[in-house]
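To start, the structure itself, in structure tokens.
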Amino acid sequence: MAETDIRRIAVLTSGGDAPGMNAAIRAVVRTANYYKIGCLGVREGYAGLINGNFLKLGPRSVRNIINQGGTFLKSARCAEFKTPEGRAKAFEQCRQNQIDALVCIGGDGSFRGAKALNDEFGIRTVGIPGTIDNDIFGTDNTIGFDTALNTAMEAIDKIRDTATSHNRVFFVEVMGRDAGFIALNSGIAAGAIDILIPERKDSIEELFGTFRRAEKSGRMSSIVVVAEGEELANVYDLAEKTKKEFPDYDIRVSVLGHIQRGGRPSCADRVLASRLGYGAVKGLMEGETNVMAGIRANELVFTPIEEAIKKHNDINKDLLKIYEILAM
Ligand code: F6P
């Protein structure tokens, strides 16, 4: 049995929820139990840490959740934790409840909180990347991304049925406040004619050029996938501009929204969450702190939280080329 001076850890989920977060909590709790470390769940993210909203978790308290979307610990974005006073309260709760280390499952905003707790009070922290956006450096995939991709792809498939039946042009907005990973991958998988993402400078003329080429090739209906964070324009403005240029087009807009955040996690997300939950606890036991656990090239790796927050994964250039070639 591995030696560790960690007696009790707390686990929380923070920021936007993502399918697979429950599987990650389960893995943290069961790994901790295996190594005889106590585990507290924190309800409602950092707000729960400030208010001492804890529950004792044992291996049986996380049964039947590996297949559930959302997070049974609930999640929140907490303004108070951004203040020094809020963080001091959270530290006091950790002290009173003998919490030696914190596992934080969330996105970059959540990791900033974990880093502040470590920097200011020395609480040992490990982050687990859980966000559908996949916009975290230090891991190939974040928990929830794969499920969200499948949800988006299936929704676009359905839109395609009706688009084809009516010879329509659809602008479909997918999530991704600052990142185009969902748009690019779901767009390729669903055969979109164009994909607009914030990582690339798009122009309306290029989009119109795509429509003209599509027309020439005899295409009667089209789907354009647009990331929520696209800088050129939002889906409604894009639709309006396109209508002005092509008055004959029958255009519709569909915003997929929060359905992308829900649903049962895919197999890939459950396995990823299990690996990262296990990895986070093992990392803490081996002295890692202020780091994020990630999987890169199929290996568990730890990236300093500072780096995970500051850097960004690049969009795969091959994918950009591939969709252009395949779209026509
Ligand atoms: O960060 C994940 C995400 O789903 C983004 O893609 C989206 O912009 C945002 O959360 C929506 O957040 P909220 O649920 O707070 O509106």
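The values are calculated or read from the model by the stated rules, or taken from the named source; none is laboratory data. As the structure is a computational prediction, the values presented were derived from the model and not from experiment. Heads up, the Cβs are rebuilt from the backbone with ideal geometry, glycines too, and the neighbour counts pull from every protein chain shown. Side chains are part of the model used for accessible areas, which takes the heavy atoms of the whole protein and leaves out ligands, DNA and RNA. Shrake-Rupley method; radii C 1.70, N 1.55, O 1.52, S 1.80 Å.
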Quiz item: Does region 132-172 hold any residues that are open to solvent by 20 Å² or more (accessible area, probe 1.4 Å), among the β-branched types (Val, Ile, Thr) and more than 30 Å from residue 248 (Cα to Cα), and which are they?
Solution: 151
Practice problem: For region 177-193, enumerate the residues that are touching a Gly at 6+ places or on another chain (Cβ under 6 Å) and open to solvent by 10 Å² or more (accessible area, probe 1.4 Å). | Solution: 177, 178
Quiz prompt | Unique residue being away from the ligand (no atom under 16 Å from the Cβ) and at pLDDT below 95 when the list is 245, 205, 215 | solution = 215
Quiz item: Within region 40-61, can one find any residue that is polar (S, T, N, Q), open to solvent by less than 20 Å² (accessible area, probe 1.4 Å) and in the same structural domain as residue 132 (by TED's automatic domain parsing)?
Solution: no
Quiz prompt | region 46-58 residues that are touching a residue at least 40 places away in the same chain (Cβ under 8 Å), paired with ones that are among the β-branched types (Val, Ile, Thr) (beta carbon under 7 Å, 6 or more apart) | solution = 49/42; 54/42; 57/29
Practice problem: Taking residue 186 as the residue in question, decide whether it is of a type in the set (Ser, Thr, Tyr) and within 16 Å of the ligand (Cβ to nearest atom). | Solution: yes
Quiz item: Do we have any residue at all in region 210-220 that's in contact (Cβ under 8 Å) with a residue 60 or more places away in the chain, of a type in the set (A, V, I, L, M, F, W, C), on the phi < 0 side of the Ramachandran plot and not in a loop (DSSP other than H, G, I, E, B)?
Solution: yes
